[in-house]
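These notes concern the structure reproduced below.
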Amino acid sequence: MKTPTTVVTGGAGFLGSHLCDRLLAEGHRVIALDNLITGNTDNIAHLAGHDRFKFIKHNVTEFIYLAEPVDYVFHFASPASPIDYLELPIQTLKVGSIGTMNALGLAKAKGARFLLASTSECYGDPLQHPQTESYWGNVNPIGPRGVYDEAKRFAEAMTMAYHRYHGVDTKIVRIFNTYGPRMRLRDGRVVPAFVGQALKGEPVTVFGDGSQTRSFCYCTDLIDGIYRLSQSDFHEPVNIGNPTEFTILEFAKLIQKIIGSTAPIVHKPLPQDDPKQRRPDITRAKTLLGWEPKVDLETGLRKTIEYFRGKV
Ligand code: UDP
């Protein structure tokens, strides 16, 4: 069988780099594109010199030119934490809109399959629980998270348009909260924040009263679901995430218990439009892809903590 050539935008990011690892293990030739504003070459340093891996520093909001044939395009480039959207609002909007258009344009020109990394943020602060793919969401377009949510909603619309109008073979994954090694210690997301604080013996900062819920998927489980989706013939969005739901306060206590921190939990103001609850309905992924997460939270957290131990 011919070796597929696969482009991963955001390939030096947290999920993009894990995806590169999986694709290389599946025998692909991988070209990672990243402008490194939130990605980091440390995440792909172990791939330097790999004969099927190439990194190109490129901002995908600029035209993407590649001379060689391409079989798959995975569009993963985007700032992905609430703090990043606040610091990089225009870049977040541009990569979700213009970047998606360029990545789709590349897939169309090359006759490649396309997979969009979308998000549970499409559901906003959801009024339906758990969230099924048929739910249209409750998003504030002009709030601080709107730059990410609306860019990804636009990206989904653009992806479906390229599928329907140009016949591009597209897939859309809606990614729920994911964690694991290679997250940035200071990206502001709850896992690196709590783990970093607990490792340093500092108070853990719970926003609001901590009754808001999330469900956390370990990175390799998530990448497995995404890889399976890329091999399917399904074009509508598919939720990939872990359906085991925790309150943020429970989550803070669990991290402190695993690390053995006795520092206090302190409460900080809840950020604007912070979703009150979030849990994926994964019936579609189970039925279509035979996928469900395997790594339980404590096992995944222990691996993640080991990674962060070397970073604090
Ligand atoms: N959160 C928190 N303390 C922190 C960082 C986050 O209590 O130091 C909360 C945040 O308010 C949200 C949840 O943890 O309710 C998950 O936040 P994250 O930024 O990881 O991603 P989100 O799911 O909101 O996109």
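The values are calculated or read from the model by the stated rules, or taken from the named source; none is laboratory data. The structure displayed is predicted, hence computed values, not measured ones. Heads up, the Cβs are rebuilt from the backbone with ideal geometry, glycines too, and the neighbour counts pull from every protein chain shown.
At-a-glance table
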item	result
Qualifying residue in segment 257-278 (condition: modelled with pLDDT of 95 or more, of a type in the set (S, T, N, Q) and surrounded by 15 or more Cβ atoms within 10 Å (Cβ to Cβ))	yes
Of all residues in segment 146-167 being crowded, with 23+ Cβ neighbours inside 10 Å and under 11 Å from Leu116 (Cβ atoms), the one that is nearest to the chain's Cα centre (by Cα)	Lys152
Test result for Thr247, over 19 Å from the mean Cα position of the chain (by Cα), within 16 Å of the ligand (Cβ to nearest atom), surrounded by 15 or more Cβ atoms within 10 Å (Cβ to Cβ) and under 23 Å from Asp149 (Cα atoms)	yes
When residues of segment 282-312 are limited to those that are more than 15 Å from Gln256 (Cα to Cα) and of a type in the set (Val, Ile, Thr), the one modelled with the lowest pLDDT	Val312
Any chance Tyr72 is hydroxyl-bearing (Ser, Thr, Tyr) and modelled with pLDDT under 95	no
Per-region count, segment 172-210, residues hydroxyl-bearing (Ser, Thr, Tyr) and more than 30 Å from Ser134 (Cα to Cα)	1
Matching residues in segment 163-175 - criterion: being over 16 Å from Ala77 (Cα atoms) and in contact (Cβ under 8 Å) with a residue 24 or more places away in the chain	His163, His166, Val168, Asp169, Thr170
Filtered residues of segment 39-53 (kept if under 20 Å from Ile223 (Cβ atoms) and either at pLDDT below 95 or of a type outside the set (S, T, N, Q) (or both))	Gly39, Asp42, Ile44, Ala45, His46, Leu47, His50, Arg52, Phe53
Val190 at pLDDT 95 or above, in contact with a strand residue (DSSP E or B) (Cβ under 6 Å, 6 or more places away or on another chain), more than 28 Å from Gly290 (Cα to Cα) and surrounded by 14 or more Cβ atoms within 10 Å (Cβ to Cβ)	no
Out of Gly16, Gly11, sole residue that is closer than 23 Å to Arg186 by Cβ, touching a Gly at 6+ places or on another chain (Cβ under 6 Å) and at pLDDT 95 or above	Gly16
The one condition in (1) away from the ligand (no atom under 13 Å from the Cβ); (2) in contact (Cβ under 8 Å) with a residue 24 or more places away in the chain that Lys286 fails to fulfil	(2)
Any hit, segment 250-258, residues being basic (Lys, Arg) and either free of Cβ contacts under 8 Å to residues at least 24 places away in the same chain or farther than 20 Å from Arg174 by Cα (or both)	yes
Residues satisfying the stated conditions in segment 190-215, i.e. under 11 Å from Phe251 (Cα atoms) and within 7 Å of the ligand (Cβ to nearest atom)	Val190, Val191, Phe194, Val206, Gly210, Gln212, Arg214
Residue in segment 91-104 that is within 13 Å of the ligand (Cβ to nearest atom) and farther than 22 Å from Tyr162 by Cα present	no
Every pair of residues 6+ apart whose Cβ atoms lie under 6 Å, when the first sits in segment 98-119 and is under 16 Å from Ile31 (Cα atoms) and touching a residue at least 40 places away in the same chain (Cβ under 8 Å) while the second is surrounded by fewer than 22 Cβ atoms within 10 Å (Cβ to Cβ) and among the charged types (D, E, K, R)	Ala112/Asp71; Arg113/Asp169
